[in-house]
Amino acid sequence: MSGPVWKRGTEGPYTCDECLAEVPEAMLQGEVVDGRFIVRRVLCDRCYEARTRLLGKAS
């Protein structure tokens, strides 16, 4: 199975790719390559929640 993977990052600080807020924890989107998680996108909780609400409305 392939595709984007989300995981919780707890070892910040992280900078949200959407709103540019610096946060101590964030949702990380990436892919697993050779057993390693490669981060492709970082979202703070607020932006992640807004994004999932939009996806839920599209269904």
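The values are calculated or read from the model by the stated rules, or taken from the named source; none is laboratory data. Small disclaimer: the values here were computed from a predicted structure and weren't measured. Because the Cβ atoms are built from the backbone with ideal geometry, glycine has one as well, and the counts that use them run over all protein chains shown. Side chains included, ligands, DNA and RNA excluded: accessible areas come from the protein's heavy atoms. Shrake-Rupley method; radii C 1.70, N 1.55, O 1.52, S 1.80 Å.
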*Tally time: how many residues in the stretch 6-17 are open to solvent by 50 Å² or more (accessible area, probe 1.4 Å), touching a strand residue (DSSP E or B) at 6+ places or on another chain (Cβ under 6 Å) and in contact (Cβ under 8 Å) with a residue 12 or more places away in the chain?*
4
*Taking only the stretch 26-38 into account, find how many residues are in contact (Cβ under 8 Å) with a residue 12 or more places away in the chain, open to solvent by less than 80 Å² (accessible area, probe 1.4 Å) and not polar (S, T, N, Q).*
6
